[in-house]
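The values are calculated or read from the model by the stated rules, or taken from the named source; none is laboratory data. Remember, predicted model here, so these are calculated numbers, not experimental data. Neighbour counts run over all protein chains shown; Cβ positions are idealised from the backbone, glycine included.
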Amino acid sequence: MAKKDNESKTSVRVGISESAQELHFETHLEATKVVQLANEAISAGKTFEVTDIKERVILVPAGKISYIEIGDATDQKVGFTSL
């Protein structure tokens, strides 16, 4: 079941070995759950699998992960303000 946009989000950045690019996405999972999934995938040598807030499944082979950065997502406010 999809969660509403106003519920908490966790920001995740995954560095990919042998690549200057990184994956950045937000998920409705709590940070502790993302850490648990990452640790399980890395220790078992399997694929790190997470679903983002748009219900897309992200798969990263554990052997290609160079780092994972996990934190609270902050809404980016963009626009003009009056001075």
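Annotations for the structure displayed:
- Looking only at the range 65-83, and only at residues there that are assigned to a strand (DSSP E or B) and loosely packed, with under 14 Cβ neighbours inside 10 Å, the one that is modelled with the lowest pLDDT: Asp72
- Selection within the range 48-64 - over 18 Å from Thr10 (Cα atoms) and surrounded by 14 or more Cβ atoms within 10 Å (Cβ to Cβ): Ala62, Lys64
- Selection of the range 10-48 for residues being in a strand (DSSP E or B), in contact (Cβ under 8 Å) with a residue 40 or more places away in the chain and farther than 15 Å from Pro61 by Cα yields Thr10, Ser11, Val12, Glu26.
- Filtering the range 1-18 to residues that are at pLDDT 75 or above and exposed (fewer than 11 other Cβ atoms within 10 Å of the Cβ) leaves Ser17, Glu18.
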